[in-house]
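Some notes on the structure that comes next.
The values are calculated or read from the model by the stated rules, or taken from the named source; none is laboratory data. Since the structure is predicted, the reported quantities are computational estimates derived from the model, not experimental observations. Ideal geometry is used to build each Cβ from the backbone, glycine not excepted, and the neighbour counts take in all protein chains shown.
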Ligand SMILES: [Zn+2]
Ligand SMILES: [Zn+2]
């Protein structure tokens, strides 16, 4: 029996016990041991992450569950790990390079990726050592990283299986594009923010018929008019019955446009006449397809107007908007300008205004994957706690859209698709091939894009246990039990894990999803950097103790 | 930090079901019943991811049951000269404390592990983090406890009686050092028996010179008293309190509060004030008015009891 110290030195005590627990292997799981299995996988924090109150709360809840089950005699495993966080990490390393007056283009792909690995070597353990200070009883001998060898193999395996089942496909599609990050974003990565802007009413002169006749179209992004291929009216709109089949002139570029009819046109919006710009608007893209109109893409990947923008080539999109409006005003073609508040997509990583853009991307067909995942929640095999999140999940799943999984960055899992230079054969393979399987030549190129970060984390509950190999861990601990996470990643992550588990393991990945709230300050406000009310959990640990931090998270 | 550890923490290894009715006082039974309830509640909260509920349960048990009441009770018993009684109290204390450490461990793993070893509840390599999670008694074991639950209810009521007795004392500003000869008028013969058997513990918690349990008690004139679930508690004040001086003190207080009340009323009756002041300020004044009304009412009752 040890004498208790009069003054409790939390730091010394906490370090001593953490070391003892690890040394005695008390966190370590044994798949062969007896007892009900209770496994939890940590939501892998970004490798760029620094422990904030949200992580502290999330990890404390998991640790409470895991320690409790372990004491109940369960065969318990808590798998830790980190996420390579594609865009986020690439941005951090790029910022670092800029300080040294270097850019990723100067370095080239290989050198740049090397730099990211070096960065990860140096700073990537910050968050895991912080979790240790919090007391997290993770099995550190089983720590994973979404880019480690095993997980990369799982990613390639999954891609190839989906490719062969025709559940991934490549297509020209209108996607959310961040001109700053120069990559496609999934719908979920484009955050809609209500923004005060303008609705511009522009006159397009009609051809044939009376002189000076014009149609007036309304748009919030006039610079995209340079890519117009038609204007459209609703066939039931009596006001414009006489316009059908006629043509008008695109101002400034003096290109002729057909006036078409489409049920999708909302007679209530603007004047009821809309411009059709398939390369820069998702609805126009669909309409363009219906009417066989060739899209005209007038911007490059940086949001700079290209050669198809005529005299505006080389201008940034917002500069172009300004100049174009000046020119239209001078020509007397601006009918009026209204104040207009609308939802504008912003890049969730860098807050740049997202540009809908037509480009060649890879997609996962989601509907077939969603069906069993909806069923698993409806029949109660998977339960959300609190229950109200069930509806949020189901609503999204029932309206699910295809998932854009290609990203035009360098840090991530490169898409395992190869193109033969000789015979143009395209194929997917889990390992870098030697020769083209169709014609046998050794000259081929790998796809340049990498996969969305979530394409590795959606496999997390089984990839961390060794899948696709049939490991004892996988047999013992899959399905895992409780998933503990915040509401903001139900679509990004939770839903996709359920789909992946059912598709590749033929079983649910976990049976309870506990969605916890956000940490708030005394006044009940969300903690945020901009409000200046965030508490650094490490300061609390230093000043008081990890126990104190764990005992008192204020949660809503 | 050192608890009474005569031998090697007797009771730490004891299970709830090991305790026998005949060996224990009502207070022992009460704390064990409450512990059993707490174990069930904590486990249930965890099953349902109700972490805040679990924390509240534990906090309430440790502070408001174990520290506020059981440790107070235990002091008398630990100071007694009967070794058997001391030993029995120690067993209960260690059993409760070792269970509490286990229940708290998932939330505060470090300090509980430190205390676990500090108390000698586990040898060096017997970690608390690998100790067994407490399990509440099954119905058969509860039946084996016999009168535990009835005694626990009685002790709950006794705590109420003591709180009310203490309030009587503070109402009349009687110093804690003054011993009072309380009289209890029990609500039933059964209660009378329990109270009489428990006199020592009640007297010590109330700082009483004596406790008289008298079913026929009829105070000669109005006397400070309170109604409890176990019966009525009377506080005789002759010799303890200068009735005249106390009456004057209370009347002075009442006068001051009545003035305060008048001033709040003036504000609230002022249409200008009500119209212009922010809602928050008006709410404050209304709350204050309510408080003052209640305090005045109470003072009037206290004065009435002191008589003319
Ligand atoms: Zn961006
Ligand atoms: Zn070929």
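Below, the figures for the structure above:
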quantity	calculated
Long-range neighbours under 7 Å by Cβ, at least six apart or interchain, first residue away from ligand 1 (no atom under 16 Å from the Cβ) within the stretch A:350-368, second at pLDDT 90 or above and assigned to a helix (DSSP H, G or I)	A:364/A:162
Qualifying residue in the stretch A:91-107 (condition: surrounded by fewer than 21 Cβ atoms within 10 Å (Cβ to Cβ) and closer than 29 Å to residue B:50 by Cβ)	no
One residue from A:250, A:167 being closer than 17 Å to residue A:406 by Cβ and surrounded by fewer than 22 Cβ atoms within 10 Å (Cβ to Cβ)	A:167
Tally, over the stretch A:9-47, of residues that are more than 15 Å from residue A:131 (Cβ to Cβ), touching a residue at least 12 places away in the same chain (Cβ under 8 Å) and in a loop (DSSP other than H, G, I, E, B)	10
Filter result for residue A:456 (modelled with pLDDT of 95 or more and either more than 19 Å from residue A:178 (Cα to Cα) or more than 9 Å from ligand 2 (Cβ to nearest atom) (or both))	yes
Number of the condition not met by residue A:215 [criteria: (1) closer than 15 Å to residue A:280 by Cα; (2) away from ligand 1 (no atom under 16 Å from the Cβ)]	(1)
Odd one out for residue A:116 among (1) within 26 Å of residue A:482 (Cβ to Cβ); (2) touching a residue at least 40 places away in the same chain (Cβ under 8 Å); (3) more than 14 Å from chain B (Cβ to nearest Cβ)	(1)
Filter result (more than 9 Å from ligand 2 (Cβ to nearest atom) and either part of a loop (DSSP other than H, G, I, E, B) or within 14 Å of chain B (Cβ to nearest Cβ) (or both)) within the stretch A:423-437	A:429, A:430, A:431, A:432, A:433, A:434
Residue within the stretch A:404-415 that is away from ligand 1 (no atom under 16 Å from the Cβ), buried (at least 16 other Cβ atoms within 10 Å of the Cβ), at pLDDT below 95 and more than 30 Å from residue B:45 (Cα to Cα) present	yes
Residue check, residue A:54 crowded, with 17+ Cβ neighbours inside 10 Å, more than 10 Å from chain B (Cβ to nearest Cβ) and modelled with pLDDT under 95	yes
Single residue of the stretch B:126-157 satisfying the filter (outside any helix (DSSP H, G or I) and at the interface with chain A (Cβ under 10 Å from one of its Cβ atoms)) that is farthest from residue A:138 (Cα to Cα)	B:135
Within the stretch B:182-292, strands (runs of 3 or more DSSP E) holding 2 or more residues that are closer than 22 Å to residue B:303 by Cβ	B:225-228, B:231-234
Scan of the stretch A:251-281 for residues that are in contact with a helix residue (DSSP H, G or I) (Cβ under 7 Å, 6 or more places away or on another chain) and part of a strand (DSSP E or B), ordered by number	A:259, A:273, A:275, A:276
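Residue-by-condition table, conditions (1) within 16 Å of ligand 1 (Cβ to nearest atom); (2) surrounded by fewer than 18 Cβ atoms within 10 Å (Cβ to Cβ); (3) within 14 Å of chain B (Cβ to nearest Cβ); (4) at pLDDT below 90:
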| site | (1), (2), (3), (4) |
| --- | --- |
| A:121 | no, yes, no, yes |
| A:144 | no, no, no, no |
| A:147 | no, no, no, no |
| A:162 | no, no, no, no |
| A:179 | yes, no, no, no |
| A:185 | yes, no, no, yes |
